[in-house]
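J.: Pasting a structure here, questions to come.
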Amino acid sequence: MKTLGFHLKDIKEMLDDHKLDWFNSLKTQLDYILKEKEKREEIEGILRGLLNEMLIEENINLTKVQRLIQLYQQNFNKREAFLAEIFNKEESELLDYLPNINRGDPDTLEWIALTAQLRKHMPKGVSSPEIQRIIKRMHEKEIETYGDNPEFIKKLWDVRKSPQKSESAGFYPIDSETLDFFEEALELYLKSKEQLSN
């Protein structure tokens, strides 16, 4: 019984009760174990998110850690309802492909690495070769992930650029300086690409 997660006190009571409803006892224990599993998965996600955060930010302060934990624990249903107001059904399906800092899948890890590189090289300016290579890969990755879908990208970017909307959507917070820099660097990259094709 202990291997099934029962506490010693509960085991003693169960063994003393000769009329025990074993089915309901086991079902109750299963419900308890599933809730505990859910909590552990949430904690795993928060820890993964904090580790990934440290890859993007060179250091991390306790206030930001607390803020991120609160963000990760936000009500899932509220986030879903907020996103449903902005994105249509087809676009909502594309949201599943967004990188999530609480995951460790290869696509998310690549976005994290690209964001960290972007931040590292920002002092060099938007036209530096390093920045333009990073922006090129981000743009390619955007197309690989979402296809040619400018309306969806515009809506996504509108949410991302607003700290309030971004928080309501449950997006990882990125400072406005980095977002503005990215936007300017992307604009330069797209102009250069257009000039090369003409």
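Throughout, read-outs are computed from the coordinates displayed, never taken from laboratory work. Here the structure is a predicted model, which means the values were calculated and not measured. Note: ideal-geometry Cβ built from the backbone for every residue, glycine included; neighbour counts use all protein chains shown.
J.: In nanometres, what is the gap between the two model label sites at Asp17 and Arg79, each 7 Å from Cα along Cα-to-Cβ?
T.: It is 3.8 nm.
J.: Same structure again: How large is the dipole of region 136-179 about the Cα centre if only Lys and Arg carry +1 and Asp and Glu carry -1, each at its Cβ, rounded to the nearest 20 debye?
T.: With only Lys, Arg, Asp and Glu charged at Cβ, the dipole is about 20 debye.
J.: Something else: Among Met54, Met14, Met122, which one shows the biggest mean-square fluctuation in a GNM of the chain, springs joining Cα atoms closer than 10 Å?
T.: Largest GNM mean-square fluctuation: Met14.
J.: Please state the relative contact order of region 22-197 as a whole percent: Cα pairs under 8 Å, 6+ residues apart?
T.: Once normalised by length, the contact order is 25 percent.
J.: Residue by residue through region 17-24, what is 3J(HN,Hα) from phi via Karplus (6.51 cos²θ - 1.76 cosθ + 1.60, θ = phi - 60°)? Round to whole Hz and write x for glycine and proline.
T.: Taking θ as phi minus 60°, the curve returns 8, 6, 10, 4, 7, 4, 4, 5 Hz for region 17-24.
J.: Moving to a separate point now. Chymotrypsin sites (Phe, Trp or Tyr not before Pro), restricted to region 92-198: which are DSSP loop and have at most 14 other Cβ atoms within 10 Å?
T.: Tyr97
J.: Run the dipole for the chain about the Cα centre, Lys and Arg Cβ at +1, Asp and Glu Cβ at -1, nothing else charged, and hand back the magnitude in debye, nearest 20.
T.: Dipole about the Cα centre, nearest 20: 440 debye.
J.: In the chain, with Lys and Arg counted as +1 and Asp and Glu as -1 at Cβ, which of these residues, Ala185, Leu15, Leu109, has the Cα nearest the positive end of the dipole, that is, farthest along it?
T.: My answer, from the dipole projection, is Leu15.
J.: Next question. Hey, for a label at Glu140 modelled as a point 7 Å past Cα toward Cβ, could you say which residues of region 107-121 have their backbone N under 18 Å away?
T.: 107-118
J.: Compute the length gained on full extension between Lys2 and Asp175: take 0.36 nm times their separation in residues and subtract their Cα-Cα distance, giving the result in nm to one decimal.
T.: My answer for the length gained is 57.4 nm.
J.: Label Glu90 and Leu34 with points 7 Å out from Cα along Cα→Cβ: what is the distance between them in nm?
T.: 3.6
J.: In deg cm²/dmol and to the nearest 500, what is the mean residue ellipticity at 222 nm of the chain if only DSSP H runs of at least 4 residues count, each as -39500 (n - 2.57), divided by the residue total?
T.: -24500 deg cm²/dmol
J.: In what sequence do Ile101, Ile86 fall when counting other Cβ within 10 Å, fewest first?
T.: Ascending Cβ contact count within 10 Å gives the list Ile86, Ile101.
J.: Could you give the angle, 0 to 90 degrees to the nearest 10, between helix 176-197's Cα long axis and the longest principal axis of the Cα atoms of the chain?
T.: 50
J.: Quick one, which of (i) 50, 39, 27; (ii) 85, 38, 28; (iii) 43, 35, 33 is the actual Cα extents along the principal axes in Å calculated for this model?
T.: It is the one labelled (ii).
J.: I would also like to ask the following. Once the Cα atoms of helix 150-161 and of the chain are each reduced to a long axis, what angle between those two axes, in degrees from 0 to 90 to the nearest 10, is obtained?
T.: Between the helix axis and the principal axis of the chain, the angle is about 70 degrees.
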